[in-house]
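Working notes, beginning with the structure itself.
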Amino acid sequence: MRPIEIAKGIYHVGVQDWNIRDFHGYSTDRGSSYNAYLIVDENIVLIDTVKKGFADQMLANIEAVVDPKKIDFVISNHTEMDHSGALPRVMHYIGEDKPVLCSKMGHKNLSRHFPRNFNYRAVENGEELSIGKRKLVFLETRMLHWPDSMFTFDKTEGILFSSDAFGQHHAGYEIFDDVIGDAIMPQAKKYFANILLLYASKILKLAEQISEMGLDIRMICPDHGIIWRKDPAKIINAYVTWSKQIPANKAVVAYDTMWESTRAMAEAIADGIAETGVEVKPIHIRSSDRSEIMTELLDAKAMVIGSPTINNTIFPTVADLLTYVKGLRPKNRIGTAFGSYGWSGEAVKIIREELEAMGVGIIDPGLRIQYVPDSDAVGQCLDFGRRIGAEVNG
Ligand code: FEO
């Protein structure tokens, strides 16, 4: 995509990654973008770069606006390689002595990412910098989502360059919220559930801090996906809502199956939950992606996890999901386990212990059915589902 002037003198010079489908284990069915921004003022400033393989595409975008050698300095809001990978090539073109402004942790991280020691300058939280008619201020956002993360705020125009925060994995020509509309919200929710949920309490503190500082945010420019120019408060409010983790009356029944017995249990359990009026999503883990399941779990009160017993333990796919969800530390959940077994049947106990270790409130010891569920067993599953539904409603 060609550069786009997103505000007077500010250009989106990033790139669209139309073809990426797996972003370190996160399914990106709509691709992604690596956004970088060029501010042309008395000083010319580049905010963030792109993934290494897209460096030349970004440099061509810059060149369509100004001679890259005229860039006075680079701001690195975030060290992760999808935003810093192109830095060495950019520095080669603009001049390796040009300053690279970053947080203190950014300085440490960048030094460890690249063998060449560029002219790093660590900025202080709240430090201001005049670049002509605009004044920039740097805001440390440590652990949102890396230790080095920071925002750059253009105080003059009210534009927040927010690094990964408020982003979405989405490639497209509709780069503004008022163009794409609500169609972007599922991608924003998925991004939050899989990248930022772990830091929910920090997000709530940051939202308070932004409100106390009285920042007049008129536009949010993240490093992925669309720019929020019509209604930046919409995504800030969505982050606050998601961070509070007040789950809906919803249950996710996530399972894997060997010979369809645990699937039959899952569907009967889901039927029982649905009878109680609770929204329920039965999900076969191997037919889905962990990042999609996590998105469904974001607002689900009940986590109901099923696995057959294999080799005295749970299915590897179920272990994968539990490990992933545990790392994102969802709060305020209830849950239980179920599964078919042949002779030993350890899976239900193992899942229950994993859920307990995540801080999930266990509402039932779990349901085990030997071999293939008969009509009596299906009845037990329906009742089990009804009990789960009653707990969700309670
Ligand atoms: Fe988009 Fe944390 O990198």
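The values are calculated or read from the model by the stated rules, or taken from the named source; none is laboratory data. This one's a predicted model, so the numbers in the text were calculated from it and none came from an experiment. Glycine also receives a Cβ, built like all others from the backbone with ideal geometry; neighbour counts cover every protein chain displayed. Quick note on the areas: whole protein, heavy atoms, side chains included, nothing else; ligands and nucleic acids left out. Shrake-Rupley method; radii C 1.70, N 1.55, O 1.52, S 1.80 Å.
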(request) Leaving ligands, DNA and RNA out of it, report the carbon-plus-sulfur percent of the accessible area of the stretch 4-244 at a 1.4 Å probe. (result) 50
(message) Using the Cα centre of the stretch 251-389 as origin and beta-carbon charges of +1 (Lys, Arg) and -1 (Asp, Glu), tell me which of Tyr371, Phe315, Thr295 is placed farthest towards the positive end of the dipole.
(response) Thr295
(message) Given 37 °C and 0.692 mPa s, compute D for the stretch 4-244 with the Stokes-Einstein relation, Rh being the Kirkwood radius over Cα pairs; round to the nearest whole µm²/s.
(response) 186
(request) Report the charge-dipole magnitude of the stretch 251-389 in Debye, nearest 20, computed about the Cα centre from +1 at each Lys and Arg Cβ and -1 at each Asp and Glu Cβ. (result) 420
(message) Can you tell me the convex hull volume per residue for the stretch 172-233, based on C-alpha atoms, in Å³ to the nearest whole number?
(response) 88
(request) Would you mind working out the magnitude of the charge dipole of the stretch 171-278 relative to its Cα centre, with +1 at each Lys and Arg C-beta and -1 at each Asp and Glu C-beta, to the nearest 20 Debye? (result) 340
(message) Compute the orientation-averaged projected area for the stretch 131-195 from the convex hull of its Cα atoms and round it to one decimal in nm².
(response) 5.5
(request) May I ask for the angle, rounded to the nearest 10°, between helix 375-393 and the longest principal axis of the chain, with both axes built from Cα atoms and the value confined to 0 to 90°? (result) 50
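Hey, can you find the accessible area per residue of the chain for me, probe 1.4 Å, expressed in square angstrom?
I get 41 Å² per residue for this part.
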(message) Modelling each spin label as a point 7 Å along the Cα-to-Cβ direction, I'd like the Arg121/Asp383 distance in nm, to one decimal.
(response) 7.3
(request) Could you pull out the GluC sites (Glu not before Pro) across the stretch 1-88 that fall in loop regions by DSSP (anything but H, G, I, E, B) with no more than 11 other Cβ atoms inside 10 Å? (result) Glu42
(request) Run the dipole for the stretch 4-244 about the Cα centre, Lys and Arg Cβ at +1, Asp and Glu Cβ at -1, nothing else charged, and hand back the magnitude in debye, nearest 20. (result) 420
(request) For the chain, find the longest principal axis of its Cα atoms and tell me its angle to the long axis of helix 261-275, 0 to 90°, nearest 10. (result) 80
(message) Leaving ligands and nucleic acids out of the surface, order Met81, Met219 by accessible area at 1.4 Å, largest first.
(response) Met81, Met219
(message) On the principal axes of its Cα set, how long, how wide and how thick is the stretch 251-389? Give whole Å, largest value first.
(response) 36, 36, 26
(request) Name the shape class, rounded, prolate or oblate, that the alpha-carbon gyration tensor gives for the stretch 131-246, where a ≥ b ≥ c are the square roots of its eigenvalues, rounded holds for a/c under 1.5, and otherwise prolate holds if a/b is larger than b/c and oblate otherwise. (result) oblate
(message) At R0 = 56 Å, how high is the FRET efficiency between Lys69 and Ser201 if r is their beta carbon distance? Nearest 0.05 is fine.
(response) 0.80
(request) May I ask for the angle, rounded to the nearest 10°, between helix 316-328 and the longest principal axis of the chain, with both axes built from Cα atoms and the value confined to 0 to 90°? (result) 50
(message) For Leu129, project a label point 7 Å along Cα to C-beta. Then give me every residue of the stretch 158-172 with its amide nitrogen under 20 Å of that point.
(response) 158-165
(request) Report the calculated FRET efficiency for Asp22 and Ser375 (r = Cβ-Cβ distance, R0 = 51 Å), to the nearest 0.05. (result) 0.75
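What range in the chain is the longest one free of chymotrypsin sites (Phe, Trp or Tyr not before Pro) that are in a loop by DSSP and have at most 14 other Cβ atoms within 10 angstrom?
19-172
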(request) May I ask what percent, to the nearest 5, of DSSP beta bridges between residues of the chain are antiparallel? (result) 45
